[in-house]
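Here the structure comes first, spelled out in structure tokens, and everything after it is commentary.
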Amino acid sequence: MIKNSSNTATILQTPIDYLKGVGPSRAEVLRKELGINTFQDLINLFPNRYIDRTRFYKTADLQPSNAEVQIIGQITGFKEIAQKRGKRLVATFRDDLGFIELVWFRGHKWIREHLKTHTDYVIFGKVNLFNSVFTMPHPDIELKTNYDKSLSKAIQPIYPSTEKLSNRGISNRVICKVMEQLFLQLNGRFEESLSSEILEHQRLISKSEALLNIHFPKNQNLLSRSQFRLKFEELFYIQLQLILKNIIHKSKIKGYRFETVGDYFNTFYNKHLPFELTNAQKRVLKEIRIDMGSNAQMNRLLQGDVGSGKTIVALMSMFIAIDNDFQSTLMAPTEILAFQHYNGLKPFCDLIGVKIALLTGSSKIAARRVIHEQLESGELQIIVGTHALLEDKVKFKNLGLAIIDEQHRFGVAQRSKLWKKNDSPPHILVMTATPIPRTLAMSVYGDLDISVIDELPAGRKPIKTVHRYDTNRLKVIGFIREEIAKGRQIYIVYPLINESESLDFKDLMDGYEGIVRDFPMPKYQVSMVHGQMKPADKEFEMQRFVKGETHIMVATTVIEVGVNVPNASVMIIESAERFGLSQLHQLRGRVGRGSEQSYCILMTSHKLGENSKTRMQTMVHSSDGFEIAEVDLRLRGPGDMMGTQQSGILELKIANIVKDKDILSLARHWAKKVLVADPKLSDPKHQPITQTYIKMGKYKNIWNYIS
């Protein structure tokens, strides 16, 4: 028995094999199936749901509802009944008002040996009505005397399980028993991990009480308070880590101080800016200028919907770097997007005499050699490119600002390669056109400063979005003809989830052939672009469309980002139900870039699941990227939205950032408050937080947080 809680943290790191009732073979299964290695891991195995076992039923009150019920009574006899395969064992179970039949299809020998007749038992399970008799197949059954001593007799936890656990006999009841054993062994005492200030202000119950009542709730009120307390704690420490990481980053990693906003920036702003900046763009530029003018390295995420004007903000940020005699780079995930950025930025750079170049995997050897030399000499001021920028041969004279577009498409190792191109790390601006819900941004990018461009440039007309079924195809084709007659261009996009999926490729080719039949040459010209084409062929077809030489672009999602054709007014998305919401929103953003009315047509079959219907309705009714992202997060969950490379970040033990966003905001508020008052966590009143934070680093398996 533990006399005080100071040893508890050490004991919690004991391998699970040493817990009474587990042993080596069970420990092996628990390790493989549920990732339970230590006592701590078992404590953090929180129930999925609960069954209220505070109520007892009488056999006379039973209803044919297939509900789970609990009854006290005695077995009065057994019988075996032959069936098609083997036999079933049936026991008559009586209380003072009637009887119910208990049925087992396996384990007969053990049951006959261990269950006694005319002895009080508590049974629990689902009730069925069979031949006018109530039956309970494979009931949970426990001696009444044991039930009375048990911790779990009120509201029963149901823990996560797998087929292998069930096959190895590790049932929910077994997990409850080993959990009970652990609490008895630890004497139910756990070190407090939150300061008394937070506990008192938020009226949170203690850590010990919360853990006891999450596993063995005395009543619904205590269960609810325990869940809140543990969710708050989990989210508080994630936010604490992220905010602390940001503070340490700013204090330790010194950035170049760009004190001058000079000729390049001012000449462009005053004489060549093609339109008035929106208030959101002005606000974001100011945030970037303050960051780059401070002594710390900028580490900022720039979020903005498709077409909100992120690129012009990026360009003006690069002009600030050039005004301070530093180079800049803009890295994009695809050649198409890199070309797009380069072609968009070059005319502006030419106007004010800034030297810019493009470097991709397709760049010719001779051109590469010149670019490498000019980068090292400092003659080249801006380089736009793809992963080719990460090659060891690419060296800068003085890289001051690195901008990464759609950064979730780059791995961490790739990004860090770019940082190491200099003696000192450059300022970092990360851009994304994928709106990230606030809750996800707080959890995944909480260590970055976040800027949002939340308004579109003036004069843009909202895109009209409609949902049409395949049966409306003739009308859609007629509409395309009308738009082409007005001089407009059309995108038709097919899903290509995986470039090797022959079925998807066949859909694309069938679609292309159908379009060519409906829009024959020479009156109509049709381009096609997909991921299996050579980059040069892809670029050739893209350029034909950009120049207006083709009327229709049939493509896969390679055009999801970065193709800017103001004359394209219609986006048709085939099999739209196969796309996620953020992808549909990105594709829609390819049109609506000119002054004419644009349209997005979502084509689907009539067979749609509930989620697909919700996605179509959301697209039709909303053009707000952040609102769409919130719905997407609700439908798909955080792991899915971030993609597999990011999902580990969000493997939370009890909180859910979608359902618990209010708790997340509260946790972030408190984490900020603590760190503003005590950045080094040295104040004695924060000792429980400091101790817990140190242990989190020491025992990496306490919580799988962001490192």
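Miscellaneous remarks
- The number of residues in segment 136-153 being open to solvent by 20 Å² or more (accessible area, probe 1.4 Å) and in contact with a Lys or Arg (Cβ under 7 Å, 6 or more places away or on another chain) comes to 2.
- The set of residues in segment 480-494 being surrounded by 14 or more Cβ atoms within 10 Å (Cβ to Cβ) and farther than 19 Å from residue 513 by Cα consists of 483, 488.
- Some residue of segment 544-552 being touching a residue at least 40 places away in the same chain (Cβ under 8 Å) and among the aliphatic types (A, V, I, L, M): yes
- Scanning segment 52-68 for any residue that is touching a Ser or Thr at 6+ places or on another chain (Cβ under 6 Å) and on the phi < 0 side of the Ramachandran plot turns up nothing.
- Criterion violated by residue 662 - all others in (1) at pLDDT below 90; (2) of a type outside the set (S, T, N, Q); (3) surrounded by 13 or more Cβ atoms within 10 Å (Cβ to Cβ); (4) farther than 14 Å from residue 243 by Cβ satisfied: (3)
- Check on residue 111, assigned to a strand (DSSP E or B) and under 30 Å from residue 184 (Cα atoms): no
- Qualifying residues in segment 153-173 (those that are in contact (Cβ under 8 Å) with a residue 12 or more places away in the chain and assigned to a helix (DSSP H, G or I)) - the one farthest from residue 20 (Cα to Cα): 164
- Filtered residues of segment 577-614 (kept if assigned to a helix (DSSP H, G or I) and over 19 Å from residue 492 (Cβ atoms)): 581, 582, 610, 611, 612, 613, 614
- Exclusive hit being of a type in the set (D, E, K, R) and in contact with a Ser or Thr (Cβ under 8 Å, 6 or more places away or on another chain), set 112, 94, 88: 94
- Taking every residue in segment 196-223 that is assigned to a loop (DSSP other than H, G, I, E, B) and open to solvent by 30 Å² or more (accessible area, probe 1.4 Å) and pairing it with any residue that is among the hydrophobic types (A, V, I, L, M, F, W, C) and at pLDDT 95 or above, at least 6 positions away or on another chain, the pairs with Cβ-Cβ distances below 8 Å are 206/199.
- Restricting segment 331-352 to residues that are outside any helix (DSSP H, G or I) and under 19 Å from residue 399 (Cα atoms), the residue that is nearest to the chain's Cα centre (by Cα): 332
- Test: residue in segment 262-272 that is within 30 Å of residue 419 (Cβ to Cβ) and in a loop (DSSP other than H, G, I, E, B): yes
- Within segment 563-581, being under 18 Å from residue 456 (Cβ atoms) and either out of contact with any Lys or Arg (no Cβ under 9 Å at 6 or more places or on another chain) or at pLDDT 90 or above (or both) holds for 568, 569, 571.
- Verdict on residue 46 being open to solvent by less than 60 Å² (accessible area, probe 1.4 Å) and within 28 Å of residue 224 (Cα to Cα): yes
- Test: residue in segment 481-491 that is within 24 Å of residue 586 (Cα to Cα), assigned to a helix (DSSP H, G or I) and at pLDDT 90 or above: yes
- Scanning segment 309-352 for residues that are buried (at least 20 other Cβ atoms within 10 Å of the Cβ), small (Gly, Ala, Ser) and within 22 Å of residue 266 (Cα to Cα) yields 314, 317, 321, 328.
- Odd one out for residue 587, checked against (1) open to solvent by less than 30 Å² (accessible area, probe 1.4 Å); (2) on the phi > 0 side of the Ramachandran plot; (3) of a type outside the set (Val, Ile, Thr): (2)
- Failed item, numbered, when residue 697 is tested on (1) at pLDDT 85 or above; (2) surrounded by fewer than 13 Cβ atoms within 10 Å (Cβ to Cβ): (1)
- Test for residue 257: is it open to solvent by 30 Å² or more (accessible area, probe 1.4 Å) and of a type outside the set (A, V, I, L, M, F, W, C): yes
- Residues of segment 66-91 classified as open to solvent by 30 Å² or more (accessible area, probe 1.4 Å) and not in a loop (DSSP other than H, G, I, E, B), total: 11
- All positions within segment 29-40 that are surrounded by 15 or more Cβ atoms within 10 Å (Cβ to Cβ) and either in contact with a Lys or Arg (Cβ under 9 Å, 6 or more places away or on another chain) or modelled with pLDDT under 90 (or both): 29, 33, 37
The values are calculated or read from the model by the stated rules, or taken from the named source; none is laboratory data. Since we're looking at a predicted model, the values are computed, not measured. Here Cβ is always computed from backbone atoms with ideal geometry, including for glycine, and neighbour counts include all displayed protein chains. Just so you know, the surface numbers come from the protein's heavy atoms only, side chains and all, with ligands and any DNA or RNA stripped out. Shrake-Rupley method; radii C 1.70, N 1.55, O 1.52, S 1.80 Å.
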